[in-house]
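The values are calculated or read from the model by the stated rules, or taken from the named source; none is laboratory data. The model shown is predicted, which means the values in this text are computed figures rather than measured ones. As a convention, Cβ positions derive from the backbone with ideal geometry for all residues, glycine included, and neighbour counts pool all protein chains shown. The accessibility values were calculated without ligands, DNA or RNA, using every heavy atom of the protein model including side chains. Shrake-Rupley method; radii C 1.70, N 1.55, O 1.52, S 1.80 Å.
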Amino acid sequence: MVSSSRSSDKIPAEKVPGYDRESEVKSFDDTKLGVKGLVDAGLTKIPWMFIGERQTTGMITWGSTESPESVPVIDFKDMDKDAAVRTEIIKKVGAACEKWGFFQVVNHGIPESVLNGIIDGIRRFHEQKGMVFPGSLKES
């Protein structure tokens, strides 16, 4: 599993002297390999371009304050304890789905061991040798 010691650093990528996110993203895009290509290359740390400063506003935490195009992170804290909070979270999920089609959830109550087991199962599935998956065969 790829980890990031950087995510706990106090200095966000945007404030590291000499860091050029635009160049890093362009280089990444030019490879056409995607995240799988990074993993296959032996990546052990999450690249800076995937780590941004966090800012919390209400129940949604957005990524970098310098990038309005960050994926929304929705906090489920107290969702089961307060009807007003639940209603607000539902609205924010709807808005995130409409704008992004996906979002990240925090404080959902699912133990980390369960999440790690899911990720491990997905990895094992995709790393099976000799398996043919829909769309993997091209017609000649």
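One table, with the values for the structure above:
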read-out: Stretchable slack from S23 to N107, in nm (0.36 nm times residue separation minus alpha-carbon distance); value: 26.8 nm
read-out: Q128-D30 pseudo-label distance in nm [points 7 Å out on the Cα-to-Cβ vector]; value: 3.8 nm
read-out: Among the listed pairs K26/K99; K45/K99; K45/K92; K32/K99, those beyond 27 Å (Cα-Cα); value: K45/K99; K45/K92
read-out: Apportionment of accessible area to carbon and sulfur, the stretch 73-115, percent (1.4 Å); value: 56 percent
read-out: Per-peptide average of other Cβ atoms within 10 Å, ordering 85-91, 28-34, 73-79 highest first; value: 73-79, 85-91, 28-34
read-out: Inter-site label distance for I46 and V114 at 7 Å from Cα along Cβ, in nm; value: 2.1 nm
